[in-house]
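One structure below.
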Amino acid sequence: MAVRSSELFQIWGMRLSLVTSLIVVLLSWINGVRILDLVVRAGISFGVMYLLTVGILSLFERTSPPKPEMEQRSSDAGRDGGIDFSVGDDEL
């Protein structure tokens, strides 16, 4: 599941980068910037945003605690290995 969520975050990072570059292009076009400058600004804004999102994703993956593995349950699976004080059972 971690692989699928990582791929999903990368896809959303790319979408966020595309939207950001489109906003930069739109605002630059409104301000009367030349076509060559628009292309350069779009490429730089996409690159910066994509590197930031991928970098943050990899940083979170490296620093996140490992997921607990499914432990082997004992034969007493109904009690979840705990003591049920509500019925007065204080022994395992």
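The values are calculated or read from the model by the stated rules, or taken from the named source; none is laboratory data. As the structure is a prediction and not an experimental result, all values here were calculated from the model. With ideal geometry, Cβ positions are generated from the backbone for all residues, glycine too; neighbour counts draw on all protein chains shown.
Structure summary
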item	result
Residues being surrounded by 13 or more Cβ atoms within 10 Å (Cβ to Cβ), aromatic (F, W, Y) and either within 30 Å of P66 (Cα to Cα) or touching a residue at least 60 places away in the same chain (Cβ under 8 Å) (or both) - total across region 1-51	2
Subset of region 36-71 [part of a loop (DSSP other than H, G, I, E, B), of a type in the set (D, E, K, R) and farther than 20 Å from L8 by Cβ]	E69, E71
Conditions (1) in a helix (DSSP H, G or I); (2) modelled with pLDDT of 90 or more: number failed by V33	(1)
